[in-house]
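Student: Before anything else, here's the structure in question.
No lab work stands behind these numbers, since they all come straight from the coordinates. Given the structure is predicted, the values throughout are model-derived calculations rather than measurements. Glycine also receives a Cβ, built like all others from the backbone with ideal geometry; neighbour counts cover every protein chain displayed.
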Amino acid sequence: MAILNILRYPDPRLHKVAKPVTVFDERLEKLVADMAETMYDAPGIGLAASQVDVHEQLLVIDITETKDDLVTYINPEIIWASDEKQVYDEGCLSVPGVYDGVERHAKIKVRALDVKGQPFEVEADGLLAVCIQHEMDHLLGKVFVEYLSPLKRNRIKTKMIKEERGLEREAQLRAQGRRY
Ligand code: QAP
Ligand code: CO
């Protein structure tokens, strides 16, 4: 198992559109295991393959406090969505430290495949419904900050770019410190 590097907004690779998974093999099982480890380590409640620079239709979600109910969604499709909407304060492992309200369908029905390629359906509401819709957006190249006003989005972009420079500088200093 391994912890994967999570792309940070505004990395342009977050906007790539993911392709369906067609091969259910050991490589896929390892990717799912690594994504789960990466999500739990963060810690987060959901991670899309797009966020670790793998542009395939694959999500891992675990919204339990006990962190013992991992669900893998491969090639997920929303087959029904309620007219009723809900607003939830969302965050994202690709946009650390940023939380804001996003309106989405309150209830959905999702069809997906598991890691063995077996189809299953889930009816979701509350946090799970939010999380599935948020993660499925990643597969379309969409990050939740794109639902916010252009003003908020630009402020977030500037903050993230500043932080990124700080992180690069820290890494440089660490490398320098080891040089002698
Ligand atoms: C998506 O997000 C989500 O800012 C999953 O500093 C979020 O796991 C769906 C995280 C909210 C529904 C509601 C965010 C960790 C984790 C941060 C996450 C942070 C550290 C986000
Ligand atoms: Co996200």
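Student: So how strong a dipole does segment 99-167 carry about its Cα centre when Lys and Arg Cβ are +1 and Asp and Glu Cβ are -1, to the nearest 20 debye? Could you put the intermediate results ahead of the total?
Tutor: Details: 13 positive and 11 negative charges, 81 e Å.
Computed about the Cα centre, the dipole is about 380 debye.
Student: If you don't mind, another one. Chymotrypsin sites (Phe, Trp or Tyr not before Pro) within segment 26-87: which are DSSP loop residues with at most 11 other Cβ atoms inside 10 Å?
Tutor: Here no chymotrypsin sites (Phe, Trp or Tyr not before Pro) fit, given the DSSP loop and packing criteria.
Student: Viscosity 0.890 mPa s, temperature 25 °C: what is the translational diffusion coefficient of segment 66-168 from Stokes-Einstein with a Kirkwood Rh over Cα pairs, rounded to a whole number of µm²/s?
Tutor: Working: Rh = 15.3 Å.
Approximately 161 µm²/s, per Stokes-Einstein.
Student: Treating only the Cβ of Lys, Arg, Asp and Glu as charged (+1, +1, -1, -1), what charge dipole size does segment 23-128 show about its Cα centre? Round to the nearest 20 debye. List each step's numbers first, then the result.
Tutor: Values: 9 positive and 23 negative charges, 47 e Å.
That gives segment 23-128 a dipole magnitude of about 220 debye.
Student: What order, most packed first, do the peptides 98-104, 65-71, 121-127 have when packing is the mean number of other Cβ atoms within 10 Å of each residue?
Tutor: The densest-packed peptide leads the list: 98-104, 121-127, 65-71.
Student: Given the -39500 (n - 2.57) contribution per DSSP H run of 4+ residues, what per-residue ellipticity at 222 nm results for the chain, rounded to the nearest 500 deg cm²/dmol?
Tutor: When only DSSP H runs of four or more count, the value is -11000 deg cm²/dmol.
Student: For Val54 and Leu151, calculate 0.36 nm times their separation in residues minus their Cα-Cα distance, and state this gained length in nm to one decimal.
Tutor: Numbers: separation 97, 0.36 × 97 = 34.92 nm, distance 2.99 nm.
The Val54-Leu151 span can extend by a further 31.9 nm.
Student: Another question, if that's okay. Testing the spin-label approximation: label points 7 Å from Cα along Cα→Cβ at Glu26 and Glu170. State their distance in nm.
Tutor: Distance between label points: 3.7 nm.
Student: Report Rg(Cα)/(2.2 N^0.38 Å) for segment 122-180, keeping two decimals. If you can, show how the numbers build up before the last one.
Tutor: Details: Rg = 18.0 Å, N = 59, 2.2 N^0.38 = 10.4 Å.
Rg over 2.2 N^0.38 Å, computed on Cα atoms: 1.74.
Student: Something else about it: Can you bin the chain into rounded, prolate or oblate? Criterion: square roots of the alpha carbon gyration tensor eigenvalues sorted a ≥ b ≥ c, rounded for a/c under 1.5, prolate for a/b above b/c, oblate for the rest.
Tutor: The shape class here is oblate.
Student: Going by alpha carbons, how many degrees (0 to 90, nearest 10) lie between the helix axis of 150-177 and the longest principal axis of the chain?
Tutor: 50
Student: Modelled label-to-label distance, Glu84 and Thr158, 7 Å Cα→beta-carbon offset: nm?
Tutor: Between Glu84 and Thr158, the label points sit 4.0 nm apart.
Student: Would you kindly compute the Cα radius of gyration of segment 1-47 and its largest Cα-Cα separation (Dmax), both in Å?
Tutor: 12.1, 32
Student: Over all pairs of distinct alpha carbons, what does the Kirkwood formula give as the hydrodynamic radius of segment 1-79, in Å?
Tutor: 13.0
Student: Here is a further query. Would you work out the charge dipole size for the chain about its Cα centre, treating the Cβ of every Lys and Arg as +1 and the Cβ of every Asp and Glu as -1, and quote it to the nearest 20 debye?
Tutor: For this selection, approximately 1120 debye.
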